[in-house]
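Please read the structure below before turning to the comments.
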Amino acid sequence: MKKKTMALVIMIVLGVFLFIYTNSDRSLRFTVLIYGFPKEAMTSDIESVFKHDENTTYYVLDPTPVSNQTGPTNAWKVKRVGLFYFASYYGA
């Protein structure tokens, strides 16, 4: 019983990981959510600004998330690594 429960938990975590990180928009929205902007993560429009190379694209969110400590956080980088997309904050 305990092995089945543990296997189910592992499958759910793996499924959520695959769901989030196999699409650039979902990866970016999840990263914005982790950075502490839940409203902007769900409602912002994502606009591609430019591609640095075939694996890296820069995005801007509209409306821009604004942090009390750093100000507007409008530039985000999404990098493709194999099948997965990983997003990070790039700069203002």
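The trypsin sites (Lys or Arg not before Pro) of the stretch 3-61 include none that meets both conditions, a loop assignment by DSSP and at most 10 other Cβ atoms within 10 Å of the site Cβ.
Between 0 and 90 degrees, the angle of helix 2-21 with respect to the longest Cα principal axis of the chain falls at about 20 degrees. Taken along the Cα-to-beta-carbon direction at a fixed 7 Å, the label points for VAL16 and GLU47 span 3.3 nm. Evaluated with a Cβ-only charge set (Lys, Arg +1; Asp, Glu -1), the stretch 3-89 carries a dipole of roughly 500 debye about its Cα centre, given to the nearest 20.
Which residue fluctuates the most in the chain, going by a Gaussian network model with Cα springs under 10 Å, if the choices are VAL49, VAL16, VAL78? Judging by the Gaussian network model, the answer is VAL16. Putting +1 on Lys and Arg Cβ atoms and -1 on Asp and Glu Cβ atoms, find which of PHE17, LEU28, MET42 reaches farthest to the positive end of the dipole of the chain. The one lying farthest along the dipole's positive direction is PHE17. For a straight C-alpha distance cut-off of 20 angstrom, the lysines reachable from LYS77 (same-chain residues fewer than eight places away being disregarded) are LYS39, LYS51. All other residues whose Cβ lies under 9 angstrom from that of TYR58 are scored, Lys and Arg at +1 and Asp and Glu at -1, for a net of +2.
Where a number appears in this text, it was derived from the coordinates with a stated rule and is not lab data. Predicted model only: the values in this text are computed from it and were never measured. Don't worry about glycine lacking a Cβ; one is built from the backbone with ideal geometry, like all the others, and counts go over all protein chains shown.
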